[in-house]
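*Asks:* Here it is, the structure in full.
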Amino acid sequence: MGAKIVNYGSMNYDYTYQVDHMVRPGETLASRGRTVHCGGKGFNQSVALARAGVQVRHAGMLGTDGERFLEEMEKQGIDTCCVRRTGEVCGHAVIQVNPEGENCILLYEGSNGQNTEAQIRQVLDTMEAGDLLLLQNEINLTDRVIDLAWEKGIRIVWNPSPYNEKAASCHMEKVSVFLINETEGEQLTGRTEPDAILEEMERRCPGCEVVLTLGAEGVVWGCGGRRIQVPAYRVKAVDTTAAGDTFTGYYLAAVLEGADRETALRRGCAASALAVQKEGAAASIPSREEVDRFFCS
């Protein structure tokens, strides 16, 4: 498979509510249903990597109520030797999903905010120069993780979501690969057009790869002035919650297996197209066999 990959990320319980529309200020709205699943961008991306066939190690801080996460990761074949327990409860997300499959998400950090520099160093001590470290922005000390990993020559893949002041304080030039959507691209660069976003990212971080997802318009990859654009598959979306995380896992899996970038982008799009047709986050991430059938059909 090549380089080892460690995903240092969040673990949130997802409380997903089916609603007729997103709650407005001052409104009380009855939901049409609720489900509770293991989630969080970190956990979801580890599941996507594992289902895509990657041997992934998950790192992060788990709360007092987190046994279910360990059980789920064991089922998926995810290495949990870098998961540590803390006295805080797990983080959670309150997710509203409307009939069009769109969502809005409210996060509570919980145990995801309990990482320490000592824990970060312990995780990085299990890695070598050239390994891949996947990060999101749902844990504390993301800036220190990036700085310390860069010092060791570890290649950093960053999905800076949700973008906030913590993400803005990180040293972007130390990141090897950015996985961003249009909103995050605008937040990072102040630009709105896809090509302008890519140009500004390349100016700020020479040599980096940028994977910019465009929703129904697909995805575009940029590096050193080169561009590869791949269209999205046309499917009926039920729940888009884990679309980006699914894309991340399957795209990186294909890259690790030696696929060219266009093929990797297409596999990521195929996996996302399958994921949005199911409800839930991690529960919606397809198996490698499902993606293979869809990709080859």
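*Asks:* Straight-line reach from Lys236: which lysines have Cα under 30 Å away, leaving out those fewer than 8 places along the same chain?
*Replies:* Lys41, Lys75, Lys278
*Asks:* Lys75 to Glu290: extension gain in nm, 0.36 nm per residue of separation minus the Cα-Cα distance?
*Replies:* Difference between extended and current length: 75.6 nm.
*Asks:* Springs between alpha-carbon pairs under 10 angstrom, Gaussian network model over the chain: which of Phe69, Phe247, Phe43 fluctuates most?
*Replies:* Phe69
*Asks:* Using Cα pairs under 8 angstrom and six or more residues apart, how large is the relative contact order of the stretch 38-87, in percent?
*Replies:* Relative contact order here is 43 percent.
*Asks:* Right, another one. Just to confirm my numbers, what's the Cα centroid distance between the stretch 232-270 and the stretch 104-126 in Å?
*Replies:* 26
*Asks:* Sticking with this one: Residue by residue, what Karplus-based ³J(HN,Hα) values in Hz, rounded to whole numbers, does the stretch 29-37 have, using 6.51, -1.76 and 1.60 with θ = phi - 60° and x for Gly and Pro?
*Replies:* Residue by residue, the stretch 29-37 yields 10, 7, 7, 8, x, 9, 10, 10, 9 Hz.
*Asks:* Dipole magnitude of the chain about its Cα centre, charges +1 at Lys/Arg Cβ and -1 at Asp/Glu Cβ only, in debye to the nearest 20?
*Replies:* So the dipole magnitude of the chain works out to roughly 420 debye.
*Asks:* Report the residue, chosen from Asp14, Asp239, Asp195, that carries the largest GNM mean-square fluctuation when the chain is represented by alpha-carbon nodes joined by springs under 10 Å.
*Replies:* Of Asp14, Asp239, Asp195, the Gaussian network model singles out Asp195 as fluctuating most.
*Asks:* Right, next: How high is the relative contact order of the stretch 232-290, given as a whole-number percent (alpha carbon pairs under 8 Å, six or more residues apart)?
*Replies:* Across the stretch 232-290, relative contact order equals 46 percent.
*Asks:* Quick one: which residues, 5 or more positions from Glu138 or on another chain, have an amide H under 5 Å from its amide H? H modelled 1.01 Å from N in the peptide plane, none for Pro or chain starts.
*Replies:* Ser10
*Asks:* When DSSP beta bridges are limited to those with both residues in the stretch 5-296, what percentage is antiparallel, rounded to the nearest 5?
*Replies:* Of the beta bridges lying entirely in the stretch 5-296, close to 40 percent run antiparallel.
*Asks:* Could you sort the peptides 258-264, 36-42, 21-27 by per-residue average Cβ neighbour count (10 Å cutoff), highest mean leading?
*Replies:* The densest-packed peptide leads the list: 36-42, 258-264, 21-27.
*Asks:* Now for a different question. Ala259: net charge of surrounding residues, Cβ under 10 Å, Lys/Arg +1, Asp/Glu -1, itself excluded?
*Replies:* 0
*Asks:* Efficiency by 1/(1 + (r/R0)^6): what FRET value for Met172 and Glu102, r their Cβ-Cβ distance, R0 = 30 Å, to the nearest 0.05?
*Replies:* That pair, Met172 with Glu102, gives E of 0.55.
*Asks:* How would the chain be classified by its alpha-carbon gyration tensor: rounded, prolate or oblate, with rounded meaning a/c under 1.5 and the a/b versus b/c comparison settling the rest?
*Replies:* Rounded, since a/c falls under 1.5.
*Asks:* Send over the per residue convex hull volume for the stretch 1-140, Cα only, as a whole number of Å³.
*Replies:* 125
No value in this document is a laboratory result; all are computed from the given coordinates. Everything quoted here is computed from the prediction, not taken from an experiment. No Cβ is skipped: glycine too gets one built from the backbone with ideal geometry, and neighbour counts run over all protein chains shown.
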